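Since the structure comes first, as C-alpha cells, the remarks are kept for the end.
Nothing in this text is a laboratory measurement; each read-out follows from the coordinates by a stated rule. Just so we're clear, the structure is a prediction, and the values are computed from it rather than from any experiment. In this analysis, Cβ positions are derived from the backbone assuming ideal geometry, glycine residues included, and neighbour counts consider all displayed protein chains.
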Amino acid sequence: MTREFLGNSFFYSSVLLSQLLIFNHLNIFGYVSPFVYLIIFIHYKTSYNKTILIFLGFITGLIIDLSLQTYGCHTFATITICYLRNWIEKYSFGVNSNLPNAMIKGTKLINRFMFFGLIIVIHSLIYFSLIFFNIEILGSIIFNTLVNSIVTFIMIWLISQLISNK
C-alpha cells in the first residue's frame with residue numbers, strides 16, 4: 001500500500017462520512033443541503049484511471065442514495081459528472097488540463113471557478129431534474145439548482161482552499 005493510496009482513501013472516507021453525518025442534516029435556509037462530496041470528483045487527479053473515477057462515482061452515489069432514500073438520483077448525477085469530468089476539465093483549463101495539479105496551482109482563478117462551478121451546476125441540475133421529474137415545475141428545478149449550487153460552491157471552495165494550503 002502506498003502512502004498516496006492511504007491518503008486518498010482517508011480523504012474519500014472522511015468526505016463521505018462528513019456528507020452523511022453532517023451536511024445531509026444541515027438545512028441552510030430550511031431546504032438547502034450542500035453536496036460537499038463533489039469535492040472528491042473535483043480533486044481527483046487526471047493521472048488516475050478514468051474507469052476508477054466512474055466506479056467511485058457509482059459507489060459514492062449509491063451510498064448517499066441508500067442513506068437518503070433518493071432512488072438513484074445521486075448515483076445518476078455523480079456517474080454523469082464523472083463521465084463528463086474530462087470534457088469539463090479540458091473546457092475549463094485548456095492546455096493546462098493534462099497537468100496533475102492544474103486546478104490547484106498554475107491556472108487563473110477564473111478557470112478554477114469555471115471548473116468547480118460547471119461540475120456543481122451540472123450535478124445539481126441533473127439531481128433536481130430527477131427529484132422533481134416534472135417539466136411543469138421547471139422554475140422550482142432551476143431555483144433549487146441555483147441556490148444549492150451557490151451554497152455548495154462556497155462550501156467546496158472554502159474546503160479546497162484549506163486542503164491546498166497545507
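A few remarks follow.
- Summing Lys and Arg as +1 and Asp and Glu as -1 over all other residues whose Cβ lies under 14 Å from the Cβ of ASN86 gives a net charge of +3.
- Computed [θ] at 222 nm, helices only, for the chain once each DSSP H run of length n ≥ 4 contributes -39500 (n - 2.57): -22500 deg cm²/dmol
- Residues in segment 107-112 carry Karplus couplings, in order, of 10, 6, 4, 5, 5, 5 Hz; the curve used is 6.51 cos²θ - 1.76 cosθ + 1.60 with θ = phi - 60°, and Gly or Pro positions show x.
- Here the ratio of the Cα radius of gyration of segment 3-164 to 2.2 N^0.38 Å is 1.00.
- Nonlocal amide H pairs with PHE35, under 5 Å, H built at 1.01 Å: THR152
- The length gained on full extension between PHE113 and PHE55, counted as 0.36 nm times the residue separation minus their Cα-Cα distance, comes to 18.3 nm.
- Cα→Cβ-extended label distance, 7 Å offset, between LEU158 and VAL32, nm: 1.2
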